[in-house]
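Below: one structure, written as structure tokens.
All of the numbers you see were taken from the coordinates with simple rules; none came from a lab. Keep in mind the model is a prediction, meaning the values are calculated, not measured. Reconstructed Cβ throughout: ideal geometry from the backbone, glycine too, with neighbour counts over all protein chains shown.
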Amino acid sequence: MKFKSSLAAAVMVAVATSVAPLAQADTAALFLNEQGEPTLAPVIQEIGPAVVNIATIGSTKNGYEDPLFGDLLPQNPNGGNGQPAHAVGSGVIVDAQNGYIITNHHVIADADEIMVTLTDRRQFPATLIGSDAETDVAVLQIEADNLVEIQKGDSDRMDVGDFAIAIGNPFGLGQTVTMGIVSAVGRSGLGIEGYEDFIQTDASINPGNSGGALVSLSGDVIGINTAILGAQGNIGIGFAIPINMASAIMDQIIEHGSVERGLLGINIQDLTPDLAEALGMPVAEGALVSRVFDDSAAQEAGVLDGDVVMSVNGNVVLGASDLRNEVGLLRVGETATLEIVRDGDPMVIDAIIKARPEEPQLASLNTDQQQARSNDVEFMGALFGPIDPDSDMAGRINGVQVIDVTPDSRAWMAGLRPGDVITEVARNKVTTPEQFADAVNNQDDGRVALHVRRGNQAFYVLI
């Protein structure tokens with residue numbers, strides 16, 4: 001479309017004068033102000049009305065605090081302690097005909113009333129259609145005429161270095177526009193939400209921008225601003241939920257009122273090069289399956305412990321977070337086509353996503369220090385012995401239990417804790433301390449990969 005290409009060309013002229021001159025036809029179509037200078041004003045004027053201000057009244061907390069990441073809502077000195085609080089955030093109109101608005105879950109969490117203010121100063125009460133705390137996405141609806149919606153882009157096509165425009169309501173000042181670049185894509189492991197696949201940007205984002213739009217130069221929304229690094233304000237590191245993820249969540253919320261998130265039924269972890277070498281695997285990235293749950297979709301499909309998932313439905317999986325995000329967007333009954341590597345051989349498995357069962361209530365393990373027995377084995381600062389017959393693991397699995405771990409030892413630093421049960425050493429099953437000792441002594445390179453069961457979880461550790 002001419003509008004998109006001309007705007008992008010305008011910015012290129014402004015920030016990259018070393019680039020070869022554009023063709024005469026392109027330069028004639030640039031957005032220029034009255035002084036003949038490149039400007040973003042036309043695109044902002046077109047999409048600005050689609051970004052709204054959101055105020056809530058309810059028994060909310062005094063803002064949202066995290067020990068590492070600051071939320072984008074301004075603090076309210078009169079809020080907290082169950083008292084009425086007025087929170088100011090942002091939202092994006094994505095369906096003008098039906099009045100649907102995407103924002104963040106934390107913007108409207110615990111709100112009794114939600115008020116939306118448009119750029120033309122009209123105000124409307126909003127209905128909460130539903131929200132999903134695990135992705136921090138919420139959908140509102142207002143009844144209003146003459147709304148302006150923003151077009152949804154394809155966040156999967158954004159690359160580091162692409163320009164990005166942030167639009168929102170920082171500090172309750174009113175609509176504010178900033179510009180920067182996409183600093184990173186696929187950010188995860190930040191501990192902000194359950195499902196993380198953030199776009200990182202240095203476009204200035206401040207408290208109050210939560211739920212606002214991150215926009216490409218074409219005028220399409222590519223993300224929903226949700227978090228910043230640091231609690232005081234912009235330091236050049238902000239995060240947005242990719243619009244592809246937000247749209248998938250929105251569709252489920254509109255259809256069901258909530259997200260009907262299914263379950264594949266596996267424990268997973270990142271496959272690092274060191275762990276791959278210790279396990280004798282030919283690949284060094286992907287999601288390593290550390291446990292397959294009984295009666296799960298994965299077990300019925302034939303997934304096994306030690307499989308490495310390389311892609312889901314054609315989408316590449318570089319680590320555990322990628323697999324978690326891909327499966328988390330699938331609905332119950334949908335098919336997850338998994339490309340896996342098993343013992344060096346690639347294969348494809350189709351798994352039908354199942355509903356989540358109720359979470360089992362697990363008894364805590366007995367982690368009291370015990371006296372060493374004659375058949376116990378010491379290794380790297382940990383004491384291993386038969387499974388305690390009084391422990392929660394007795395009768396459930398076969399293996400060797402961690403009796404005690406010396407703090408700051410190699411075993412401790414690797415993540416072993418008293419009560420853990422070791423079921424495999426370097427892919428070899430062990431059921432007695434003697435088998436454990438033999439398997440450890442057979443490792444020649446000084447690295448030992450252990451398969452660990454802890455409560456209802458399973459994972460690999462590398463010592």
Look at the stretch 99-127 and say how many of its residues are crowded, with 22+ Cβ neighbours inside 10 Å, free of Cβ contacts under 8 Å to residues at least 60 places away in the same chain and either within 14 Å of ASN169 (Cα to Cα) or charged (D, E, K, R) (or both). 0
A careful count of residues in the stretch 265-289 that are surrounded by fewer than 22 Cβ atoms within 10 Å (Cβ to Cβ) and not acidic (Asp, Glu) gives 13
Can you give me the number of residues within the stretch 109-121 that are under 14 Å from GLY99 (Cα atoms) and assigned to a loop (DSSP other than H, G, I, E, B)? 1
Restricting attention to the stretch 419-463, and to residues there that are basic (Lys, Arg) and not in a loop (DSSP other than H, G, I, E, B), which single residue is surrounded by the fewest Cβ atoms within 10 Å (Cβ to Cβ)? LYS429
